[in-house]
Amino acid sequence: MHLCRHFLLRLIRSIALLAIFSTAAHAAEKRDLIIDTDPGADDVVALLLALASPEELHIRAITTVAGNVRIDKTSRNARLAREWAAREEVPVYAGAGRPLVRPPIYAENIHGKEGLPGVDVHEPKKGLADGNAVQYLIDTLSKAEPHSITIAMLGPQTNLALALIQAPEITQGIKEVVVMGGAHFNGGNITPVAEFNLYADPDAAKVVLASGVKLTYVPLDVTHKVLTSDQRIQRIEGLNNHAGKLVSSILNEYVKADMVHYGLPGGPVHDASVIAWLLKPELFSGRLINVAIDSREGPGFGQTVADWYDTLGQPKNVFWIENGDAQGFFDLLTQRLARLK
Ligand code: RIB
Ligand code: CA
């Protein structure tokens, strides 16, 4: 009897130690990350959140694409975010200036002529890295350790699509792609059914979907549940640092259009939810489902057809995030912005 109790206690102790070490290992493992982005107000908030989280995220590079505004301005704004976060060791590569097929569209009505509402912009000290973002993706992903690099996709998916078309073998280096994009339950924000990033380049999104990489979508279904409020923005402003002043000024301006259009009490910070998912996935919930993308001209152009109830029984190719803890998100964002100057 005594022997049995002894072994049982030893077993419980080793299970407890195993749990502690595996949690620590998970928490300790840094994620190699490339952020592909079209800054853009919410992109800049996402970049600051990511750049303020070096313990969890090893940001290999920022790659820029045309989307909210033209490529020269999205690239300048990415360099600005890097400068504001005092992380100028992170290279910024400029990428595609237009979508794969469709004529370019922009969102200056939402993000302003400079792509950054509510704040003054300037030419950052540090320039772009040499070379194009698409070639950087090809060179980096083809040489990377197997399935080691995560891509946070915050704008139209043109750069990655071009890299996949030229060098399909680069999937070997991709751990997963986390996309801000798409809409199902929420409805669209650029048409009744389409979300801007997908609408801006649905052909690119189809190339990425067809590549078979591990895909998570952070659609309007969840970003429209993670909304600002006066109190949440004032808390960021109350950090009394430059980052807090920048983000509160940007958000105060950026959310106005959505609040009016949707009659919401606050506005979404779309792209920052992608970074929050990488930092604290427990804040979100979703389901592995089949997603198809409509790139036919017509009312469904750019729509993500999300088979949430598995009606068609098709292969489940996307983890679709549908809910999020809004207060937990803003707690995380505020706590990380407090780290910046
Ligand atoms: O629909 C919202 C998305 O489109 C965000 O990524 C925003 O920055 C724009 O790119
Ligand atoms: Ca964006």
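The values are calculated or read from the model by the stated rules, or taken from the named source; none is laboratory data. Remember, predicted model here, so these are calculated numbers, not experimental data. As a convention, Cβ positions derive from the backbone with ideal geometry for all residues, glycine included, and neighbour counts pool all protein chains shown. For accessibility, only protein heavy atoms count, side chains too; no ligands or nucleic acids. Shrake-Rupley method; radii C 1.70, N 1.55, O 1.52, S 1.80 Å.
In table form, for the structure just shown:
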{"item": "G155 within 16 Å of ligand 2 (Cβ to nearest atom), part of a loop (DSSP other than H, G, I, E, B) and closer than 17 Å to T74 by Cβ", "result": "yes"}
{"item": "Residue within the range 252-266 that is touching a Phe, Trp or Tyr at 6+ places or on another chain (Cβ under 7 Å) and open to solvent by less than 40 Å² (accessible area, probe 1.4 Å) present", "result": "no"}
{"item": "Search result, residues across the range 264-312 that are within 16 Å of ligand 1 (Cβ to nearest atom) and free of Cβ contacts under 8 Å to residues at least 60 places away in the same chain", "result": "L264, G266, G267"}
{"item": "Residue in the range 173-180 that is in a helix (DSSP H, G or I) and open to solvent by less than 30 Å² (accessible area, probe 1.4 Å) present", "result": "yes"}
{"item": "Identity of the residue in the range 139-155, more than 16 Å from ligand 1 (Cβ to nearest atom) and touching a Gly at 6+ places or on another chain (Cβ under 6 Å), that ends up nearest to D271 (Cα to Cα)", "result": "I149"}
{"item": "Within the range 282-341, considering residues that are open to solvent by 50 Å² or more (accessible area, probe 1.4 Å) and hydrophobic (A, V, I, L, M, F, W, C), the one nearest to G267 (Cα to Cα)", "result": "A338"}
{"item": "Matching entry among I138, I149, I170 (being touching a residue at least 60 places away in the same chain (Cβ under 8 Å) and surrounded by fewer than 24 Cβ atoms within 10 Å (Cβ to Cβ))", "result": "I149"}
{"item": "Yes/no for A292 being at negative phi and either over 16 Å from the mean Cα position of the chain (by Cα) or charged (D, E, K, R) (or both)", "result": "yes"}
{"item": "Residues (free of Cβ contacts under 8 Å to residues at least 40 places away in the same chain, away from ligand 1 (no atom under 16 Å from the Cβ) and open to solvent by 30 Å² or more (accessible area, probe 1.4 Å)) located in the range 92-131", "result": "P103, D120, D130, G131"}
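Yes/no matrix, rows are residues, columns are (1) surrounded by fewer than 24 Cβ atoms within 10 Å (Cβ to Cβ); (2) closer than 15 Å to D38 by Cβ; (3) touching a residue at least 40 places away in the same chain (Cβ under 8 Å); (4) touching a strand residue (DSSP E or B) at 6+ places or on another chain (Cβ under 6 Å):
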position: A133; (1), (2), (3), (4): no, yes, yes, yes
position: P156; (1), (2), (3), (4): no, yes, yes, no
position: L160; (1), (2), (3), (4): no, yes, yes, no
position: I165; (1), (2), (3), (4): yes, no, yes, no
